[in-house]
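These notes concern the structure reproduced below.
The values are calculated or read from the model by the stated rules, or taken from the named source; none is laboratory data. Please read all numbers here as calculations on a predicted model, not as lab measurements. Here the Cβ positions follow ideal geometry from the backbone for every residue, glycine too, while neighbour counts run over all protein chains shown.
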Amino acid sequence: MILTGPQIGAEVEEGRIAISPFDASLLSPNSYDFQLSSDIGWYARHWWGGHTLDCRRPNPFVRATIPEEGMVLRPGRIYLASTAETIGSEHFVPIIRARSSTARTGLFVHCTADLIDLGSLGRLTLQFHAVQPVRVYPGQRIGQVTFWVPTGRRELYRGKYQGSTLPEPSQIWRDFRAEDPRGSSA
């Protein structure tokens, strides 16, 4: 069951959904429009330069700031950006997606990771992929979050991305270190 926009607003007031800062004018019939922060980053190595990202090791990551005049996102790269808002809930499952206006420019906002775990709280990391050059701006209404009612016993997220304040590069390498403390690629 999905929450309506007015219900999202009521749950924010009750403290069962966290959206900060919250602006009631960003409520839609069944979602909340989130905004792009000025924080963005990307992996320093490019596949077209013969480099491959390695899932067993941290990969070089460049952090930058989107200027007020905007930044052009180019095809062939994943950009990691963050929401301007801190978002999360211990009671409802957030799911993010692009606003249709954003999608119509050829910008994927989340690529594949649209599900935010129950109990996760932070500025959400967005995975941008542009199919053509597109300019984005800090403060732009870039995507929307919906909230869903879970059924069954709730187990809250306490993982490696909890409390993110900046775009977080992949920490998949930590999964391998849990299996092999040396982190070697045996």
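Structure notes:
- Those strands (runs of 3 or more DSSP E) of region 95-185 in which 1 or more residues are farther than 19 Å from Asn59 by Cβ and without any contact (Cβ under 8 Å) to a residue 60 or more places away in the chain occupy 121-130.
- Criterion: over 28 Å from Trp148 (Cα atoms) and either of a type in the set (A, V, I, L, M, F, W, C) or in contact with a helix residue (DSSP H, G or I) (Cβ under 9 Å, 6 or more places away or on another chain) (or both) - qualifying residue of Asp54, Asp33: Asp54
- Looking only at region 72-87, and only at residues there that are of a type outside the set (Ser, Thr, Tyr) and touching a His at 6+ places or on another chain (Cβ under 9 Å), the one that is surrounded by the most Cβ atoms within 10 Å (Cβ to Cβ): Leu73
- Being of a type in the set (Asp, Glu), over 23 Å from Leu118 (Cβ atoms) and surrounded by fewer than 20 Cβ atoms within 10 Å (Cβ to Cβ) is true of Glu69.
- Taken across region 114-135, residues that are modelled with pLDDT of 95 or more, more than 30 Å from Gly15 (Cβ to Cβ), exposed (fewer than 13 other Cβ atoms within 10 Å of the Cβ) and in contact with a Ser or Thr (Cβ under 7 Å, 6 or more places away or on another chain) do not occur at all.
- Test: residue in region 1-11 that is modelled with pLDDT under 95, among the polar types (S, T, N, Q) and out of contact with any strand residue (DSSP E or B) (no Cβ under 6 Å at 6 or more places or on another chain): no
- For region 84-94, the tally of residues that are in a strand (DSSP E or B) and not hydrophobic (A, V, I, L, M, F, W, C) stands at 4.
- Scanning region 88-100 turns up no residue that is surrounded by 15 or more Cβ atoms within 10 Å (Cβ to Cβ), out of contact with any Gly (no Cβ under 8 Å at 6 or more places or on another chain) and modelled with pLDDT under 95.
- Scanning region 136-158 for residues that are modelled with pLDDT under 95 and touching an Asp or Glu at 6+ places or on another chain (Cβ under 7 Å) yields a total of 2.
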